[in-house]
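Shown next, in C-alpha cells, is the structure this report addresses.
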Amino acid sequence: MATQHSRTAARIMMTPAVFLLLVWMLVPLSMTLWFSFRRFLPLRGGDQGFVWFENYTRFISSSSFWPAVQTTLVIVGGVLLVSIVFGILLALLLDQPMWGQGVVRILVIAPFFVMPTVSALVWKNMFMDPTNGLFAHLWRAFGADPVVWLSDVPTFSIIMIVSWQWLPFATLILLTAIQSLDSEQLEAAEMDGAGPLARFGFITLPHLSRAITIVILIQTIFLLSIFAEIFVTTGGAFGTRTLTYLIYQRVLESQNVGLGSAGGVYAIILANIVALFLMRIVGKNLDR
Amino acid sequence: MSLKTVLRASGAAALCAIASAATAQDTTITIATVNNGDMIRMQGYTDLFTEQTGIAVEWVTLEENVLRQRVTTDITTNGGQFDIMTIGMYETPIWGANGWLVPLDGLSDEYDVDDLLPAMRAGLSHDGTLYAAPFYGESSMIMYRTDLMEAAGLEMPDAPTWQFIREAAAAMDDPENGVNGVCLRGKPGWGEGGAFITVTGNSFGARWFDEDWNAQFDQPEWAEALNFYVNLMNDYGPDGYENNGFNENLSLFQQGLCGMWIDATVAASFVTNPEESEVADSVGFALAPNSEGVERRSNWLWAWALAIPAGTQQADAALQFIEWATSREYIELVAENEGWANVPPGARTSLYETPEYQDVPFAQMTLDSILAADPTNPTVDPVPYVGIQFVAIPEFAGIATEVSQEFAAAYAGQQTVEEALERAQDITNEAMEAAGYR
Amino acid sequence: MARAVTTQRKAINTTIAWAIGLLIFFPILWTILTSFKTEGEAVANPPVFLFFDWTLENYAVVQERSNYMRFLWNSIIIAGGSTLLGILVAVPAAWSMAFVPSKRTKDILLWMLSTKMLPAVGVLYPIYLLCIELGVLDSRAALVVILMLINLPIIVWMLYTYFREIPGEILEAARMDGAGLKEELLYILTPMAVPGIASTLLLNFILAWNEAFWTLNLTAVDAAPLTAFIASYSSPEGLFFAKLSAASTMAIAPILILGWFSQKQLVRGLTFGAVK
C-alpha cells in the first residue's frame, strides 16, 4: 500500500528522531571510547595520553569485576522474577469482581510514582533500620531479634526495594492483558472439565506471554542501570556492587576516568549481550 | 486530566520561568555545602550577611556523599558552578596543590588569621598557603554516660586505653534494656567506618603504607587492631553496627542506647542538647583511647572549611562571605542567639579563651583532643603521607571506601577478619599500581 | 458479565485485594503519617500510627530552609518540557514506522531501546565537559534536551504500538477521498491517537520527574529540581525521620496527585501494545 511518495515522507519524518538518538548515542559513546584508551586522572594531572588497552585489562582483571557482573545479573533477575510472579498473581486478583476496584488499583500502582531516591531512603531508614525501623519494632513485638536487613540479606533487601517500585508497572501491563482475554474461551475450557490450574496454564499464561515479554524488556533496560537504590542503602558494600556501581566507584570515588570509561564499555557489551538475548525472545513475540 | 490542561499548565510554567529569570540580584554567590547542623544554622543567618553587604547568597545544600561527588566533578572540570565550596581537610591540600583554589591570602586584618587553631590552619594549607577557612573543626573523643558508668562502679580516666574501654563496655552492656556497651562506626565509606578503623589502627601502631607506598594490611598490627574492634563490637556493640555511621550512632546515643560512643567532638553539643537528647545531663568526655603501650591515640583531625574555586567570577564577594562566616563575630552572633554550646567549634583559639565558652562542659576536652592530633605523624612508624584518619593522596577516597567495604563485610560476619585484610591488601596495592605509585 | 458471582466470593476478593493494596501502599502512607509527627514520635517504640499530636512543624522547617516552589517549578518545567519535546520528535518517527514499515523498522526500534542501556555514570565526565563547552550547565534547557533523549526510545516505542493498532483501511479510504499527507496526519490520525499520546505523555512525565542522576549532577541553583531538594534532607545529623518524611512527601505529592487523577489514561499507556 505504501507508495514511493509516502516512503520518502516516512523517511523524512523518521529522520529527526533517528538523528537525535544517533547523536546522543555516538557522542558519549565515542567520548567514552576515547577516554577508555587514555590515562585520565582528573585529580592528578588530568589527561595524560594514550595507554591503549591498559584500562581494559586492569578493569577486567580487578578482583571486583566478576562479582559485580554476577550481582548485576542476580539483582536484575531477582526483580524480574518477583515482579512477574507477583505481578501475575496481583493481576489475576485485581481482575476479579470486587468493591472499590479503582481505589485498589491506585493503591497498587502508587509506588511507581515515587522517586527511587525517596523510596530507598524511606525503606532504609523507616523500615529496615535495625533500631528504629518499623520491621525491627515488628520483629521485637513477636519476641524475635530484629534482622539487620542491609548487611544480613543485602541483595535480598535491594531486590525487595526495587521490586516494590517495579511491581506496579508489571501488574498494570499484565492486568490489561488479562482483561483482554476472551472469557468465552475460559468458560469453554471449564465446561470441558479443565481445572483452574489447567485453565491458567493452557489459556491465560500463553495469552500473557507477549505482555510478559514487554515487562521483561522494559524493566531490564531500567534495571541494568539502577543506581540510587544502591547508593543510598549500602553504597555497594556487602556484595551489592553492581557493574554500574563499580563504574561509579572508578569514575567518581577513585577519580580514574580512563578506567571507569573502560568499565563503561564493558557495561555496554554486557547490556548488548542481554539485549541480544532479549531481542531473540522479543523479536519472536513482537511480530505475532 | 486532558491533553489541553497539560499543555496549558506547561505554558504557564514556562512563563513563570522567564519571569523568575528576570529578577536576579546584582551580585549573587552560590555556595555548595553539606547538610550538617552548623551549616544549616549558618543558612538561617545569611539574610544578615546580605543586609550588610548587598551580596545575595544561593545555597546548594547536599548530603555529604552527593556534595563530594558534585564539587569534585565541578572543580576538576573547571565547571564554575559554585563560588564557594564546602570541603574538608582531605580535599583542601590536594586541590590547593593543583591550583584549583584561590589562595586565601587576601584576608583582612580584623579577620586575624593567626587566631585560627594552628592544627586547622596547617591542615588546610599547602606549602604554607591557606586555601580554605575552617568553619568548624573537630577531633574525636569518648562520650560516655556518667550515670551508667557510676552504676557499673567504674571511673573513666581522662586518657583511657582500649583495654579499659572493653572492660567498661562489658560492665555497661545491658541488652535487656537495649543499652549497648559501646557504639562505634562501622559503616562503609572512607569518611565513615574507614576513618574510624584507620585511627583505631593508628592507636595499635598500624599504618596504611610503609615509606615505599606498600600497603601494610598484612602486618600484625592491623590484625590486632581489626580483631580487637570486631570482638569488642560483636560482644558489646549494637546489632548491625556495620551499617552505623556518625548519624546512626548519634541517634542511638541520644536515645540512651549506648554506654560509650567514640566519635567526632562536634557531637558533644548534640548529645548535651536537652531538646534533642534524652541523656543530655549525664554525658562525660574523655580522650580517645590507645592500646596499652602504644603512644598514639585514636583521635583524628578534621575541619569543614570554605574554599573559593579558581574558576569563579565572584572571588571578592566569595571572600567577603568566608570572612563573615568564619569570623569571631559570627561565633558571637550564634552564641547570642542560640547559646555558647551551639557555636561552631574547633576553628579559633580565641573561642577557647572566651570565659563563657570555657564553662561549656566539652570545650576543654575538644581542645585537648584537637591539640593531641598530629597529621604529619599519625602513627608509631614513619609514613610517607599526611593525614590521620585519611591519607592525603587523590586515590585514597576510592581505595579506602573499598577497603572499608571489605572490613564491613567482616563486621557483618560475611568473611573473616583475615580474609578482609587480605582483600584490603590486594585492593590497595592494585589501586596504587594503577595510579603509578608502585 | 457471563457468570454470576456470589456476594460471598466478591467479599472475599475485596478483602484480599484491599489488604494487599494497602500493604503495597503502606510505605507511602507511613511516610505521609511520619511527616506530621515530631522527631521523637517518629522513632517512638512502639510506633504510633494515628494517635499522636499532629504537627505541621516539619513542613514549616523544610519550607523555611529551602525554596520548595522553585524546585517544584524546575521539576515541572524539566519533566514537562522534555516530554513535550519528546512527543514532537517521536510522533513523526512512530507514525512512519507504524504505517510505512520497512525491513529495518524493527531493527531501528530495538536499536533505539538499546541506546538506553549505556550506563549514565560512565559518561558523566564527557557530558559535563560538553555542557561546560556549550555553557549550559545548570540550565533547564540542557536537562530538557538530555531527559528527552533518554526517554525518546520509550516514547517512540509506545507511540508506535498505538499507531499500529489504528487500522490501515481508514487511511486508505481517506487517501481515496484525496486527502494529502497533511490532512491524513491532522484530521484522521491525530484524533485517533490522542488517547495513546496522552498516556505516553503521562508515563514519560513520571519517568522524567523521577530521574535522579542527570538532574542532580548537572544542576546547582537555577535548574535544580526536586531530586536535588531531597538530597539536602537525606541524612543530616541527629534525628531526621520526620523532616525527611515531610520533604519526601513534598517531593512525591505532585506526581502522586497527577497519577491519581490520570490513572485511567496511564493504565492505557502502560499496555505497550501488549494486548493482542
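Any read-out appearing in this document is the output of simple, stated calculations on the displayed coordinates, not a laboratory observation. These numbers come from a predicted model, not from an experiment. Don't worry about glycine lacking a Cβ; one is built from the backbone with ideal geometry, like all the others, and counts go over all protein chains shown.
Rg over Rh for chain B works out to 1.00, both radii taken from alpha-carbon positions and Rh defined as the Kirkwood radius.
Residues of the stretch A:92-109 with an amide N closer than 17 Å to a point placed 7 Å from the Cα of C:ILE12 along the Cα-to-Cβ direction: A:92-99. Taking R0 as 60 Å, what FRET efficiency do you get between C:LEU186 and B:GLN358 from their Cβ-Cβ distance, rounded to the nearest 0.05? Rounded to the nearest 0.05, the efficiency is 0.15.
In the frame of its principal axes, the stretch C:66-232 has Cα extents of 60, 33, 24 Å, reported largest first. Rg and Dmax of the stretch B:72-168, both derived from C-alpha coordinates alone, stand at 20.2, 59 Å. Build a GNM of chain A with springs between Cα atoms under 10 Å apart, and of A:TRP139, A:TRP149, A:TRP99 the one that fluctuates most is A:TRP99.
Net length available on complete extension from A:LEU73 to A:TRP34 is 11.3 nm, with 0.36 nm assigned per residue and the Cα-Cα distance removed. Cβ crowding within 10 Å, taken as a proxy for footprinting-reagent exposure, orders C:ILE12, A:ILE84, B:ILE142 from fewest neighbours to most as C:ILE12, A:ILE84, B:ILE142. The stretch B:86-135 has equivalent-ellipsoid semi-axes of 17, 12, 9 Å, by the square roots of 5 times the alpha carbon gyration tensor eigenvalues, sorted largest first. The alpha carbons of the stretch B:116-246 stretch over 54, 37, 27 Å along the principal axes, in descending order. Summary of the geometry: the stretch C:83-125 and the stretch B:185-239, compared by the centres of their Cα atoms, lie 51 Å apart.
Extending 7 Å from the Cα toward the beta-carbon at both B:ASN177 and B:TYR437 defines two label points whose distance is 4.6 nm.
Relative to the current alpha-carbon distance between A:MET191 and A:ASP47, full extension at 0.36 nm per residue lengthens the span by 44.5 nm. Return one number: the angle in degrees, 0 to 90 and rounded to the nearest 10, between the long axis of the Cα atoms of helix C:190-210 and the longest principal axis of the Cα atoms of chain C. The helix C:190-210 is inclined about 30 degrees to chain C. The GNM of chain A, with springs linking C-alpha atoms under 10 angstrom apart, assigns the highest mean-square fluctuation among A:PHE142, A:PHE37, A:PHE112 to A:PHE142. Per-residue ellipticity at 222 nm, computed for chain A from helices alone with -39500 (n - 2.57) per DSSP H run of at least four residues, works out to -22500 deg cm²/dmol.
Under the simplified labelling scheme, the C:ILE257-C:SER102 pair shows an inter-label distance of 4.8 nm, with each label point 7 Å from Cα along Cα→Cβ. In the protein assembly as shown, the alpha-carbon atoms span a convex hull of 174 Å³ per residue.
Neighbours of B:THR416 by Cβ distance under 13 Å: Lys/Arg scored +1, Asp/Glu scored -1, total -3. Here each label is just a point 7 Å from Cα along the line to Cβ, and for B:THR416 and B:THR129 those points are 5.2 nm apart. Along the stretch A:135-151 the Karplus relation, 6.51 cos²θ - 1.76 cosθ + 1.60 evaluated at θ = phi - 60°, assigns HN-Hα couplings of 4, 4, 4, 5, 4, 5, 4, 9, x, 9, 6, x, 7, 8, 4, 6, 10 Hz to successive residues, with x for each Gly and Pro. Choose one answer from A:LEU243, A:LEU93, A:LEU121: the residue with the largest mean-square fluctuation in a GNM of chain A with alpha-carbon springs under 10 Å. The residue with the greatest mean-square fluctuation here is A:LEU93. Exposure proxy ranking for B:CYS258, C:CYS131, based on other Cβ atoms within 10 angstrom of each Cβ and starting from the fewest, stands as C:CYS131, B:CYS258. With a Förster radius of 56 Å applied to the C-beta separation of B:ASP374 and A:PHE86, the computed FRET efficiency comes to 0.45. When a/c reaches 1.5 or more, the comparison of a/b and b/c decides; with that in mind, is the stretch A:142-288 rounded, prolate or oblate per its Cα gyration tensor? Cα axes put the stretch A:142-288 in the oblate bin.
Taken along its principal axes, the alpha carbon cloud of the stretch B:280-438 reaches lengths of 53, 49, 31 Å, longest axis first.
Gyration tensor analysis over the Cα atoms of the stretch A:65-240 returns equivalent ellipsoid semi-axes of 34, 20, 15 Å (largest first, whole Å).
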